[in-house]
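One structure is given below, encoded as C-alpha cells.
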Amino acid sequence: MAHDWIGCMKKMFDLKTKRRTPLAAATATFASMTRVLQPAYTRRLRPDQEDKASCAPGAAGTGALVMAWHGITDTGRVRPLNEDSFACQDFMDRSLFVVADGMGGHDAGEIASRIAVETICADVSGLANLGHDPKGLVERVVLHANAEVRKEGTSRGSNMGTTLTLALIDGTTAHIANVGDSRVYWIENGSITQITEDHSLVAKLVSTGKMTKAEARHNPKSNLLYRTIGTDEAIKVDIFTRDLSKGGSLLLCTDGLWGELSDEEIHRICSTEKGSRTICAKLVNSANEKGGRDNITAVVVTVG
Ligand code: CA
C-alpha cells in the first residue's frame, strides 16, 4: 500500500534523494570526526529584554532568562564524509542557530550546506537590527541562501542541495525557518514538540494517514525530499514563531539524530541531562550507539 503511494508521490514531486548507506553496510569504521564549533556559551539577556521575559509563561517574577547553547556535528559510524554544517552566533541583541544537511554526491553536499549556513550568518550579522518584520527577514535570508547554493551548483554543473533550518532568537522569541527534513524541537515540562514539518515523502504519507510514524521512521524511502535548498528558483519557506520560557530547551538537528533516536529518547536525554554541552554530547553519542548511519548534527539551546 505504502509503495503504491510512494510511486504516485514520486510522479507528483521532483524528489531529491539524500544518500544513505544501508544498515548492512555499517562497519566498525567509526572515526571520531566530531567538530565542536564553540564551547558552551551563556548569555544573560539585556535589561530591556528581561521585561519581555517576564511576560513569557513560567518566567514571571524570575528576572532574566539565561540561555546557553552548544553545537556538535559528527560524521557518524558509516559515512566517509560529513556533509552537515551548522553555526551558532550571538550578536548581543539576537542569537542565530543554523543547521543544514547537504546532498549531491562527492563533496557537493558538504559545499551546499556550508554555503547555505555561511550565507545566513553573513546576512544576519550584516543587519543593523531585526526591524519590524523578523518573519519576513528570516524568509529573505533563506531565499538568499537558496540563490547562492543554486549559483554554486550551476557553476560546478552539480545538482547540489541542502536542507536548512534556523532559529533566530530575539529576546525570548524564536523565529524559525525550515526547508527540508532537518528539525527544530521544543522540550519542556515533560513534553517534546516538533515545531518544524519535514518536507519528505514519508511525512506527507503520515500526514494523510497513509503511513504511521513508526513505519515512516524505518521506510527505505524516508530520504526522499520534495523541497530542498538549491533545487528550485522559487521555494516556499516554512516560518514558525515560538516563545521560549524558563526550563525549556530548543533543539535543532539533522535526520542523522532524529532518524536514530525517537522523540521519547530525545525527550528523556534533554530532561535528565544537565547543561547544553552535556545534553548535546549525549544526544550525538546515543545516535552513534544506535548505529550512526548518517552524519549527526545537534544544536541545543537551554533556557534557564
Ligand atoms: Ca542526513
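Let me check against my output: what whole-number percent is the relative contact order of the range 88-247, with C-alpha pairs under 8 Å and at least 6 apart?
On the way: 300 pairs, mean separation 40.3, N = 160.
Value for the range 88-247: 25 percent.
I need the per residue convex hull volume for the range 67-106, using only the alpha carbons, in cubic angstrom as a whole number.
Numbers: hull volume 2.9 nm³, N = 40.
Measuring per residue, one finds 74 Å³ for the Cα hull of the range 67-106.
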**OP:** Kindly provide log₁₀ I(q)/I(0) values, in the same order as q = 0.13, 0.22, 0.26 Å⁻¹, from the Debye equation applied to equal alpha-carbon scatterers of the range 132-196.
**Re:** -0.47, -0.96, -1.13
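Dividing the Cα radius of gyration by the Kirkwood radius, what Rg/Rh value follows for the range 167-271?
On the way: Rg = 14.4 Å, Rh = 14.8 Å.
Ratio of gyration radius to Kirkwood radius: 0.98.
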**OP:** Normalising by the residue count of the range 181-274, find the relative contact order in percent from Cα pairs under 8 Å and 6+ residues apart.
**Re:** 41 percent
**OP:** Work out the count of Lys pairs in the range 150-249 where the Cα-Cα distance is under 25 Å, with the pair 8 or more places apart or on different chains.
**Re:** 9
**OP:** Would you list, by chain and number, the aspartates and glutamates whose Cα falls below 18 Å from the Cα of K135, excluding same-chain residues fewer than 8 positions away?
**Re:** D93, D123, D170, E197, D238, D243
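At 20 °C and 1.002 mPa s, grab the translational diffusion coefficient of the range 218-271 from Stokes-Einstein with a Kirkwood Rh over Cα pairs, rounded to a whole number in µm² per second.
Values: Rh = 14.4 Å.
Stokes-Einstein gives a translational diffusion coefficient of 149 µm²/s.
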Original post:
Using the Kirkwood radius built from alpha carbon pairs, what does the Stokes-Einstein equation give as D for the range 59-166 at 37 °C and 0.692 mPa s, in µm² per second?
Top reply: 216 µm²/s
Original post:
What chymotrypsin sites (Phe, Trp or Tyr not before Pro) does the range 62-126 have in DSSP loop regions with at most 16 other beta carbons within 10 Å?
Top reply: F91
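Against the 2.2 N^0.38 Å scaling, with N counting residues, where does the range 90-224 land? I'd like the Cα-based Rg ratio to two decimal places. Write down the numbers at each step before the final one.
Values: Rg = 16.4 Å, N = 135, 2.2 N^0.38 = 14.2 Å.
Dividing the Cα radius of gyration by 2.2 N^0.38 Å gives 1.16.
All of the numbers you see were taken from the coordinates with simple rules; none came from a lab. It should be emphasised that the depicted structure is a prediction, and the values quoted were computed from it without experimental measurement. Note that we place each Cβ from the backbone using ideal geometry, even for glycine, and neighbour counts take in every protein chain shown.
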